[in-house]
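Only one structure is covered here, and it is reproduced in the block below.
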Amino acid sequence: MRFHQIDKAAGLRGEVAIPGDKSISHRAVMFGSLALGTTEITNFLQGADCLSTISCFQKLGITIDNLTGNENEPERIIIHGKGLNGLSVSSDVLDVGNSGTTIRLISGILAAQPFESVLTGDASIQKRPMKRIMEPLSEMGADVKSLSGNDCAPLRIMGQPLHSIHYHSKVASAQVKSAILLAGLYSDGITKVTEPIISRNHSELMLRTFGAKVWTEGTTAILEPHPSLEGQKINVPGDISSAAYFIAAGLIVPGSDILIKNVGINPTRDGILKVAKAMGGKITLLNEDYEGEPRADIHVAYSELHGITIEGDIIPTLIDELPIIAVMAAAASGTTLIKDAAELKVKESNRIDVMVENLSAMGCSIEGTEDGMRIEGGNPLNGSVIDSYDDHRIAMSFAIAALIAHGESEIKNSDCVSISYPSFYSDLQKLY
Ligand code: S3P
C-alpha cells in the first residue's frame, strides 16, 4: 500500500497488544548468534528492520528458525548460536535495509572477525552518519572503510585484532555505545564507553543475561572481554516507541479510553510517559512486571493537554518519540519547545524538517530550530496530503494527527510502517 487515507475519528476504545521492542529484538538475535547453544525468542518484532538482522546473521553462517505459532505454542525465533568465534565469512554483501541499529551494532562485531565483510543498506541508510562508529572502532584497531568515501555505507570491514579503549562519546547514542561494547567482547582488556547522558541500556542488560561481565558507573558502561555467552530464553516486551502512537491517540482524540498491553518501561526509554504526564495526560501503569526488562500495561484516557518545554537529560529517553510528541504538542494548548534534539536530523529522515513541513500543511504553527522545534498548539488541524519520506515514525505520527484533523488525510508511502510495526493500521482500526 503506497497511500493510506484516514478520516477524523470519534473516541478510540479497547485494548491493543503492542508488537515486540525493536531494539531488544535486534539484540536478542545478535547476542543469541554469539552465544553457545540455543536461544529462543518470543514476542520478537517481525518488522523489516529486525528481519534484516536475522538475514545478516544467517549469511554469517548462523542457523535461525522463524517458527509460526499455533494454539499450543507462541511464534518463536530459534537461534543456533555458535559462540563468540563461530561466525563465518559471508559470500554476499550484508544488506541491513533501513536499519541503523543493524549496521552500527554488527560493525562492532565484524571489526573483530578473521574475515572481510561488506555492509550496505537502502537509500536512507546510505545517507546516515557512520563516522560515529568508524572513529571509535578505528581507535580499537579496526579497519572500517566507507566505500563511497563519505563516511556513510556501504562499509568494508577487514577484521583485525582489537585493543580495548575508554571512549568518550560526544552523542548519547546506544548504537555507538553498543558497537564499541560488542567490539570490546573481542578486545584485549576492559572497554569503557562514557556518554554525555545515558542512552538506552538494552545491550548492557541483555549481555549480562547472556553471561557477559558488564556494568555501569554513572554514564559509563564497562565491559570485560572474552566472556562465554550462553543461549537464553528472551521474552521481548512490547515496544514503547510503538505504544507511543496509541498513548498519543488516547490522549488527544476526545472520548478515548485505551489499554495498551505489555509495554517495555525501561527507564532509559520511558520519557514519553513523563512528558505525557507533564502535559496533563491521564496515564496509569498497571500490572508492572520484570523479565529481563521492566514492563507494564498502560491505561490512557482523553486529556486536555498543555504545552511544555522538553530538553536536557530526558531527550535520549524519548528520541524516537519526538515526532509523535510534536503531534501531541499540536493538539495541546500553548507552546511546546523541544530542545537538545539535533539528533533528529540524522534519523531515518530529517525529522525536524519533515515534522515542520507536514504539521504546517495541517495548519499547525510550528517552527524548526537548530536542535528541535517550537510548536504553538491548540488550533484545529485540517486533513492534508502528508509525505512520510519513507520514515515509519513519520507515517505513524501523521496517522494519529489525521484522527483529530478535519477532513481526510492521505499519507504517502504509508507502507513504510512495516519497518517497525507491520500491523499498525489494522491495530489502530480495531480501536474505532
Ligand atoms: C537504537 C538507538 C537509537 C534509536 C534507534 C534504536 C538502538 O539510536 O533512535 O531507533 O536500538 O540502539 P541512536 O543510538 O542513534 O540514538
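Over the chain, what relative contact order in percent results from Cα pairs under 8 Å that are six or more residues apart?
This gives 18 percent for the chain.
Cross-link candidates for residue 339: which lysines have Cα within less than 27 Å, leaving aside residues fewer than 8 places away along the same chain?
Here the lysines satisfying the reach criterion relative to residue 339 are 22, 127, 131, 170, 177, 274, 277, 282, 347.
Charges at C-beta only: +1 for Lys and Arg, -1 for Asp and Glu. How large is the resulting dipole of the chain about its Cα centre, in Debye rounded to 20?
400 debye
Kindly identify segment 203-346 as rounded, prolate or oblate by the Cα gyration tensor criterion: order the square roots of the eigenvalues as a ≥ b ≥ c, call it rounded if a/c is under 1.5, otherwise compare a/b with b/c, prolate if a/b is larger, else oblate.
Cα axes put segment 203-346 in the oblate bin.
Aspartates and glutamates within cross-link reach of residue 8: Cα-Cα under 15 Å, excluding same-chain residues under 8 positions apart?
Qualifying aspartates and glutamates at Cα under 15 Å: 408, 410.
Can you pull the percent of segment 286-432's accessible area that's carbon plus sulfur, 1.4 Å probe, other chains left in place?
Carbon with sulfur: 46 percent of the solvent-accessible area.
Using only Cα atoms, locate the centre of segment 126-192 and the centre of segment 253-276, then give the distance between them in Å, rounded to an integer.
Spelled out, the Cα-based centre of one part sits 34 Å from the other.
Of all accessible surface on segment 22-235 at a 1.4 Å probe, what whole percent is carbon and sulfur?
C and S fraction of accessible area: 49 percent.
For residue 157, what charge total do you get from the other residues with a beta carbon under 11 Å from its beta carbon, if Lys and Arg give +1 and Asp and Glu give -1?
Summing Lys and Arg as +1 and Asp and Glu as -1 gives 0.
Amide H to amide H under 5 Å from residue 233: which residues, 5+ apart in sequence or cross-chain, H placed 1.01 Å off N in plane?
So residue 233 has HN proximity to 40.
When the chain is fully extended, how far beyond the present Cα-Cα distance does residue 304 get from residue 346, taking 0.36 nm per residue of separation?
11.9 nm is the gain from fully extending residue 304 to residue 346.
Once you wrap a convex hull around the alpha carbon atoms of segment 22-235, what is its projected area averaged over all directions, in nm²?
Over all viewing directions, segment 22-235 projects a mean Cα-hull area of 10.7 nm².
So what is the calculated 222 nm ellipticity per residue for the chain, using -39500 (n - 2.57) for each DSSP H run with n of 4 or more, over all residues, to the nearest 500 deg cm²/dmol?
-8500 deg cm²/dmol
Accessible area per residue, 1.4 Å probe, Å², for the chain: what's the number?
Heavy-atom accessible area per residue stands at 36 Å².
Please report the net charge: other residues with Cβ closer than 12 Å to the Cβ of residue 218, K and R +1, D and E -1.
That sum, taken over residues with Cβ under 12 Å, equals -1.
Round to the nearest 10 and give me the degree value, 0 to 90, for the angle of helix 48-59's Cα axis relative to the longest principal axis of the chain.
For helix 48-59, the angle is close to 10 degrees.
Please list the three semi-axes, largest first and in whole Å, of the ellipsoid equivalent to the chain, using sqrt of 5 times the eigenvalues of its alpha carbon gyration tensor.
For the chain, the semi-axes come out at 36, 23, 20 Å.
Can you tell me the relative contact order of segment 22-235? Whole percent, Cα pairs under 8 Å, sequence separation 6 or more.
Contact order relative to length: 21 percent.
Below 14 Å, Cα to Cα, which aspartates and glutamates can residue 412 reach? Residues fewer than 8 away in the same chain don't count.
357, 387, 390, 391
If one computes the Cα centroid of segment 372-432 and of segment 1-79, what distance in Å separates the two points?
Taking the Cα centre of each part, segment 372-432 and segment 1-79 sit 23 Å apart.
The values are calculated or read from the model by the stated rules, or taken from the named source; none is laboratory data. For clarity, every value in this text was computed on a predicted model and none was experimentally measured. Methodologically, a virtual Cβ is constructed for each residue, glycine included, from the backbone with ideal geometry; neighbour enumeration extends over all protein chains shown. Just the protein is used for accessible areas: all its heavy atoms, side chains included, with ligands, DNA and RNA removed. Shrake-Rupley method; radii C 1.70, N 1.55, O 1.52, S 1.80 Å.
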